[in-house]
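Report on one structure; see the data block that follows.
The values are calculated or read from the model by the stated rules, or taken from the named source; none is laboratory data. Note that this is a predicted model, so its numbers are computed, not measured. Positions of Cβ are generated from backbone atoms using ideal geometry, with glycine treated the same way; all protein chains shown enter the neighbour counts.
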């Protein structure tokens, strides 16, 4: 016999305005623009809403001000992290020294050798 699950007590997510008014979240306004903070809040609340619709239970502390502020801080830091990274540009080295060049099959080497040992009609712009 299959027992029906008890419906969970519905969790009411706070409005964006209420989240913005939390002192822990207001501190983020000093570091990031109002638009960026609002966008992060909307995204976080949307993900929480989607998780609840899929049946996931939110932890009790998920809606507390400090928890929300920590999640928002992490999102904003990730969004505003510089995307440029240091790289080594050795393209010229690889191209001009054939470093890392794949070996040619014997047939290709023979075809090139045959053309290179006699005059040919090579044209280029």
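Among all positions in region 79-102, there is no residue which is touching a helix residue (DSSP H, G or I) at 6+ places or on another chain (Cβ under 6 Å) and either modelled with pLDDT of 90 or more or not in a loop (DSSP other than H, G, I, E, B) (or both).
From the list 8, 3, 31, 21, the one residue that fits, being modelled with pLDDT of 80 or more and more than 20 Å from residue 78 (Cβ to Cβ), is 21.
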